[in-house]
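Engineer: Take a look at this one; I'll ask things after.
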Amino acid sequence: MNTLQFTSFDNRTSNKQYYVNTSAPKTLDIRSIQQQSNIQLKSQRIPNNQNIRSNPVDISAPTAKKMAWGEPIWFLFHTLAHKAKEEYFERIRSDLLNHIYSICSNLPCPICSNHAMEYLNRVNFRAIMRKQDLKDLLFVFHNSVNERKGLPSFQYSDLDYKYDSANTVNIIYNFINTYQQKNKNSNMIANEMYRSRQIIILKDWFNKNIQYFDL
């Protein structure tokens, strides 16, 4: 089994609508992140809802200024969705969705996290049963952010070209290197501690499951 070495970091690096729920969220019983580690984290579970519609929710960031952590996170999400091996998607589905949800719950920008969670809490995660479903969800999610920030929309036809050619290991390293960077704001110390614990869990998960992704 391949093992990722996290001692150093390599920094190289459709017009479809996805189902969005507008009703009050319920809790989807998916294995929580805490079960993957003895580290105690605040609970972040993916919600599930039944009544759905396809209107995107406003998840704009507080400013259109480019954020250094934004691109590595989007690259991670899209690359994992594109590089997941179809025959193993069911095996990693719950963990992968949980990790995406958890990362969005604690972005380096708290306001951005609130907007992202507002969006994700309206997603019907039960509808994400195949690799293609996850690719579609992330495409709509990402373009919703771009639209509200006044950035160009990404074309669905360009998804495979951009992310199928990505180096999965390098994308993971770049994300970890960026996500664990310290914030100069002293009020963000608790958030940084939580992200540090997330990184430990993610490293362990990637090492145990990297064989289920094309590299």
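The values are calculated or read from the model by the stated rules, or taken from the named source; none is laboratory data. A quick note: this is a predicted structure, and the numbers were derived from the prediction, not measured. We place every Cβ from the backbone using ideal geometry, glycine too, and count neighbours over all the protein chains shown.
Engineer: Is there a residue being of a type in the set (S, T, N, Q) and modelled with pLDDT under 85 anywhere in segment 195-203? Spell out the reasoning first.
Structural biologist: Going through segment 195-203, the residues of a type in the set (S, T, N, Q) turn out to be 196, 198.
This time we only want the ones that are modelled with pLDDT under 85, so: 196.
For segment 195-203, residues of a type in the set (S, T, N, Q) and modelled with pLDDT under 85: present.
Engineer: Restricting the first residue to segment 199-215 and requiring it to be among the charged types (D, E, K, R), which pairs with a second residue that is part of a helix (DSSP H, G or I) and surrounded by 16 or more Cβ atoms within 10 Å (Cβ to Cβ) meet a Cβ separation below 9 Å and a spacing of at least six or different chains?
Structural biologist: 203/172; 203/176; 204/36; 208/36; 214/82; 214/83; 214/168
Engineer: Give segment 92-110 a look and list any residue that's under 15 Å from residue 209 (Cα atoms) and of a type in the set (Gly, Ala, Ser), or say none.
Structural biologist: 94
Engineer: If you don't mind, another one. List every residue pair whose Cβ atoms lie under 6 Å apart, where the two residues are 6 or more positions apart in sequence or sit on different chains, the first residue falls within segment 139-161 and is within 18 Å of residue 109 (Cα to Cα) and of a type in the set (Asp, Glu), and the second residue, located anywhere, is loosely packed, with under 15 Cβ neighbours inside 10 Å and at pLDDT below 90.
Structural biologist: Short answer, once both residue conditions are applied: none.
Engineer: Regarding residue 92, is this residue β-branched (Val, Ile, Thr), in contact with a strand residue (DSSP E or B) (Cβ under 9 Å, 6 or more places away or on another chain), modelled with pLDDT of 90 or more and part of a helix (DSSP H, G or I)? Spell out the reasoning first.
Structural biologist: Numbers: β-branched (Val, Ile, Thr): yes; in contact with a strand residue (DSSP E or B) (Cβ under 9 Å, 6 or more places away or on another chain): yes; modelled with pLDDT of 90 or more: yes; part of a helix (DSSP H, G or I): yes.
Criteria met by residue 92.
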